[in-house]
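Presented below is the structure to which this report refers.
Readers should treat all values here as calculations from the given coordinates under stated rules, not as data from a laboratory. Keep in mind that what you see is a predicted model, and the values were worked out from it rather than measured. Neighbour counts are summed over all protein chains in view; Cβ atoms, including those assigned to glycine, are modelled from backbone coordinates with ideal geometry.
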Amino acid sequence: MISEAVENILLKNADCFLVSDEKVAHVMDENPLTHALLMLTQVKYTRIPVLNREGHIVGLIGLSNIVNQMFDLAEIDPSNLEGLLVKDVMETEVPIITDPFDVEDILHKLVDHPFLAVVDEYNCFTGIVTRREILKSVNHLVHEIDLENH
């Protein structure tokens, strides 16, 4: 269990560690797989969220998902991507949290994932919380904790 004082200090920075959906690169589940490949190479992320038409997060797609589809027995063949959609190869296990945040849940999940998808009460995608942003908040906390208590 996290100390209430620590949780309150971390939550002061909650706006800072949420990357809003407008700033998060994503693809739609009905997009061609080649579109996801282009998107991933442009944004330089290894994985990005996959949304459906209703704005719900339905998966994650990464370069490895796409490249694995290009392998034949003897060579890499990009034509293997023809006709495939993002939903055909995306990962469906997505670490999700809801807003308002449960700091302890975030910390536990970020041990195994570089980012967590955030959804609202209607299960619509609102952004991500990244390990990097949480670590920046923790760094602030460890340097400021004594100032908060005085």
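If you go through the range 12-44, how many residues are closer than 20 Å to Asp88 by Cα and within 14 Å of the chain's Cα centre (by Cα)? Steps first, please.
Within the range 12-44, the first condition is being closer than 20 Å to Asp88 by Cα, and the residues that meet it are 25-41.
Filter once more, keeping what is within 14 Å of the chain's Cα centre (by Cα): 25-27, 40.
Of the residues in that region, 4 qualify.
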Check: Given the conditions (1) touching a residue at least 60 places away in the same chain (Cβ under 8 Å); (2) part of a helix (DSSP H, G or I), which single one is not true for Leu37?
Finding: (1)
Check: So how many residues does the range 89-113 have that are touching a strand residue (DSSP E or B) at 6+ places or on another chain (Cβ under 9 Å), closer than 16 Å to Gly59 by Cβ, assigned to a loop (DSSP other than H, G, I, E, B) and of a type outside the set (D, E, K, R)?
Finding: 4
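Looking only at the range 17-29, which residues are more than 20 Å from His108 (Cβ to Cβ) and surrounded by 12 or more Cβ atoms within 10 Å (Cβ to Cβ)? Walk me through it before giving the result.
Pass one, the range 17-29, residues more than 20 Å from His108 (Cβ to Cβ): 20-29.
Those that are more than 20 Å from His108 (Cβ to Cβ) and surrounded by 12 or more Cβ atoms within 10 Å (Cβ to Cβ): Asp21, Val24, Ala25, His26, Val27, Met28, Asp29.
Can you confirm whether Ile57 is in contact (Cβ under 8 Å) with a residue 60 or more places away in the chain, crowded, with 16+ Cβ neighbours inside 10 Å and β-branched (Val, Ile, Thr)? Spell out how you get there, then give the answer.
Working: in contact (Cβ under 8 Å) with a residue 60 or more places away in the chain: yes; crowded, with 16+ Cβ neighbours inside 10 Å: yes; β-branched (Val, Ile, Thr): yes.
So Ile57 passes the test.
Return the only residue of Val129, Val118, Val58 being farther than 30 Å from Ile2 by Cβ, under 13 Å from the mean Cα position of the chain (by Cα) and in a strand (DSSP E or B).
Working: Val129 fails: farther than 30 Å from Ile2 by Cβ; Val118 fails: farther than 30 Å from Ile2 by Cβ.
Exactly one residue qualifies, and that residue is Val58.
Looking only at the range 83-97, which residues are of a type outside the set (A, V, I, L, M), touching a helix residue (DSSP H, G or I) at 6+ places or on another chain (Cβ under 8 Å) and surrounded by fewer than 16 Cβ atoms within 10 Å (Cβ to Cβ)? Before the answer, list the steps.
Quick first cut of the range 83-97, residues of a type outside the set (A, V, I, L, M) only: 83, 87-88, 91-93, 95.
Next, from what is left, pick out any that are touching a helix residue (DSSP H, G or I) at 6+ places or on another chain (Cβ under 8 Å): 88, 91, 95.
Correct list: Asp88, Glu91.
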Margin query: If Ile66 meets every condition in (1) in contact (Cβ under 8 Å) with a residue 40 or more places away in the chain; (2) buried (at least 18 other Cβ atoms within 10 Å of the Cβ) apart from one, which number is that one?
Written below: (1)
Item checked: The lone exception for Ala5 - which of (1) closer than 30 Å to Glu104 by Cα; (2) without any contact (Cβ under 8 Å) to a residue 60 or more places away in the chain it fails -> (2)
